Amino acid sequence: MREHRKGQPDDQSGRTYQNAEREVHVNIKPYAITISHQLGSGGAYLGEKLAGRLGIPFLDRDILKEVARQLDMAEAELEDREERLSSFWQNFARLAILTDPSVHLAARRYLVSDSDLFELECDTIHRIAEKSSAIFLGRCGWYVLSDHPRRASILVTADPPARIQRLRELYKLSEAEAVSLMKTNDQEREDYIRTFAKQNWLDARYYDLCLNTSSVGWDTAVDLAEKCVRAKLNLPVL
């Protein structure tokens, strides 16, 4: 599950995946900002606000939409598989389909493996980052773009009580349901990232800036992120 931005401003940058592919920077070489975040910590909010200040695209679901287009699949068919590994029975079903030509075409949507999906998202992220400056939310961005010459990576976390309260507000959950969602998402994300990145995504050494929004607040977190990005990438201060 990815955190929806209910009740928050729309992308202030006004830019999309398509804009990112076409955009040309005359004076500034393309740069990439990756935001890794815990569910309910405000990572999406920070990304949208920062994109608005920098005037570059904020890319979250745009990556999923592009991968779905490449696969000729509905976005909804891939949404629940992002940043999580398939279950044993899902993998078993794909294997059964591959070995039974009679149901191959009818069940095409089951044939995309976790590794296929990861590679397609990686390729899409790389292609955009080569052409345009953008902010990438999640999807192992810090790992995928680790060799990008102009990259800034940010980790956004929050204390469990704050995350639980946020999830309750977003999804109209009881406290017990919010706690369960938080723990499940944390475990699925950790398993997924360890499988493909082979690293601990909460290790501060992989990031230029680590923010706990419970300590500094969401808007102060945006201010700090902007200062960090401008300093590292030598962007002009407006």
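The values are calculated or read from the model by the stated rules, or taken from the named source; none is laboratory data. What you see is a predicted model, and the numbers here were worked out from it, not measured in a lab. As a convention, Cβ positions derive from the backbone with ideal geometry for all residues, glycine included, and neighbour counts pool all protein chains shown.
Quick notes on this structure:
- For segment 73-83, the condition of being modelled with pLDDT of 95 or more and either part of a helix (DSSP H, G or I) or under 19 Å from S132 (Cβ atoms) (or both) holds for none of the residues.
- The residue pairs whose first member lies in segment 58-69 and is under 19 Å from D116 (Cβ atoms) and part of a helix (DSSP H, G or I), whose second member is of a type outside the set (D, E) and modelled with pLDDT of 90 or more, and whose beta carbons are closer than 8 Å, counting only pairs six or more residues apart or on different chains, are I63/T124; I63/I125; I63/F136; I63/R139; E66/T124; V67/L120; V67/T124.
- Matching residues, segment 141-177, being without any contact (Cβ under 8 Å) to a residue 60 or more places away in the chain, in a helix (DSSP H, G or I) and among the small types (G, A, S): A176
- Contacts under 7 angstrom Cβ, first residue in segment 116-132 being under 10 Å from E66 (Cβ atoms), partner polar (S, T, N, Q), 6 or more apart: L120/Q70
- Residue satisfying condition, being in a helix (DSSP H, G or I), on the phi < 0 side of the Ramachandran plot and either exposed (fewer than 14 other Cβ atoms within 10 Å of the Cβ) or at pLDDT 85 or above (or both), within set A44, A93: A44
- Members of segment 178-230 found to be surrounded by 13 or more Cβ atoms within 10 Å (Cβ to Cβ), outside any helix (DSSP H, G or I) and of a type in the set (S, T, N, Q), listed by number: Q199, N212
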